[in-house]
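The values are calculated or read from the model by the stated rules, or taken from the named source; none is laboratory data. Computed from a predicted structure; not experimentally measured. Cβ: placed from backbone, ideal geometry, glycine included. Neighbour counts: every protein chain shown. What goes into the accessible areas is simple: the full protein's heavy atoms, side chains included, and nothing from ligands, DNA or RNA. Shrake-Rupley method; radii C 1.70, N 1.55, O 1.52, S 1.80 Å.
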Amino acid sequence: MSQHVADITAPASARPPSLLRSRNFLLVWGGQTVSELGTRIAGVAVPLLAADTLHASVFQVSLLTVLAWLPYLVVSLPAGIIADRVNQRRLMILCDLGRAALMLSLPVVALVGQLTLGFLYAVVGLSGVLTVLFTVAYKSMLPALIPAAQLVDGNAKLTMSQDAAELVGPSIGGVLVGLVGAARTFLSNGLAFLVSALTLLLVRDAPRPPVRRERVPLRVEMTDGLRFVRREPILWKVLLCTTASNFWVMATSSIEVTFMLRELHASSVQVGLVFSVSAIGGLVVGALAGRLSAWLGTARVIWVAMAVPGPLYLLMPLAWSGWGVLLYGVGLAAFSANAVLFNVASTTYRQRVTPPAILGRVNAAYLWVCFGVIPLGALLGGALGTALGLRAALWICVLGTWSACLFVVFSPLRTMRDTPEPVVSS
């Protein structure tokens, strides 16, 4: 598959046209923005449907989170094989249509009085499987849609959509649940997936010559991505950094609302304000990601993004009651900014150095490892909060989050300014 090869720091005259003129990218970006919004709405509606409508216990509601993340452990590696073998755009369309059907089934089943907790578990679990397949294909398709020099800008815009959805989605979800009920709220989620499928249907596939594949055992092919990452020192260090960060971030997330309510005596309005403030950090940095990467260097920005915002995380356990709760929001905003810049830069690096023929398997390996630790991090956060108290546990968690930067600070990235030229196959 041929790709445009360009130096990301080339003069403006040598740069390709703006992504805002790319029909394919605008379609994908628009569809994903709507889809992300629907997903955030469902993030509010699912637990409310379980707790209020189906009268689930605390443990039964927590199982929904497990079922949502478990597919990343179970199907990520085979999803990488599938994404490398089939047309990625068509796979994404099928996943969107499947998720739309699952979401729309909830209000239908509720209407006839047959909605049960078991049915909700099945919908969440199956949607999780389709989400993994979609995500692997989605992260692998972008380099075929846009020039390599625009990957930073493209990844930044897509990440900004996630932060914008995080900013407004939960509030919209709460309003919809109040107006039409939790089950009917899933009509909006199903519609969002249909919009995403329609935009992908309108995308024009780039020419892709057939790739000759050697016959290898399935077990070997499933681990191709992991072996490639293990052989690449920078990719391996970035994976370790991402995994450690996810672990400690989820440990923090598992106790942060309880910390704000019980230690800071925050109201529900203040808690909502904290999360809104945190999303702003990601939006601002997402808008500036391209310029920051060009200024700092597309390789250097990876470790700078992880290391520099770290001191601001310490504001979270230092927060106090009243307006002091906003210190927690400032700390979260610093992490949100770090996460956006790091994810954009590291994803772009991975897309540039990985051969297109195995990009799906490499992306799947990343998801399998760095998302697989999420449930473990949540368990540790709860255990630390119970054993040591919420503020002490939060100190450990934020220091753990900052320490993840050591993997990339002490890596070959420290002596590099820009990423290498992308791998091109003919």
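Below are the figures for this structure:
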| item | result |
| --- | --- |
| Some residue of segment 314-337 being touching a residue at least 60 places away in the same chain (Cβ under 8 Å), farther than 29 Å from Leu142 by Cβ and open to solvent by 20 Å² or more (accessible area, probe 1.4 Å) | yes |
| Scan of segment 299-336 for residues that are over 23 Å from the mean Cα position of the chain (by Cα) and either among the small types (Gly, Ala, Ser) or closer than 28 Å to Thr347 by Cα (or both), ordered by number | Pro311, Leu314, Ala319, Ser321, Gly322, Gly324 |
| All positions within segment 118-140 that are open to solvent by less than 10 Å² (accessible area, probe 1.4 Å) and more than 16 Å from the chain's Cα centre (by Cα) | Leu120, Val123 |
| Segment 90-101 residues that are farther than 14 Å from Val34 by Cα, paired with ones that are of a type in the set (Asp, Glu) and open to solvent by 20 Å² or more (accessible area, probe 1.4 Å) (beta carbon under 9 Å, 6 or more apart) | Arg90/Asp205 |
| Ser245 more than 19 Å from the chain's Cα centre (by Cα) and surrounded by 24 or more Cβ atoms within 10 Å (Cβ to Cβ) | no |
| Helices (runs of 4 or more DSSP H) (entirely within segment 311-386) containing at least 3 residues that are among the small types (Gly, Ala, Ser) | 326-353, 359-370 |
| Search result, residues across segment 356-366 that are out of contact with any Phe, Trp or Tyr (no Cβ under 8 Å at 6 or more places or on another chain) and surrounded by fewer than 24 Cβ atoms within 10 Å (Cβ to Cβ) | Pro356, Ala357 |
| Which listed residue, of Gly113, Gly98, is in a helix (DSSP H, G or I) and surrounded by fewer than 21 Cβ atoms within 10 Å (Cβ to Cβ) | Gly98 |
| Given (1) open to solvent by less than 40 Å² (accessible area, probe 1.4 Å); (2) on the phi < 0 side of the Ramachandran plot, index of the condition Arg300 fails | (1) |
| Residue check for Ala294: aliphatic (A, V, I, L, M), assigned to a helix (DSSP H, G or I) and either touching a Pro at 6+ places or on another chain (Cβ under 6 Å) or open to solvent by 40 Å² or more (accessible area, probe 1.4 Å) (or both) | no |
| Tally, over segment 360-401, of residues that are under 15 Å from Leu239 (Cβ atoms) and aliphatic (A, V, I, L, M) | 7 |
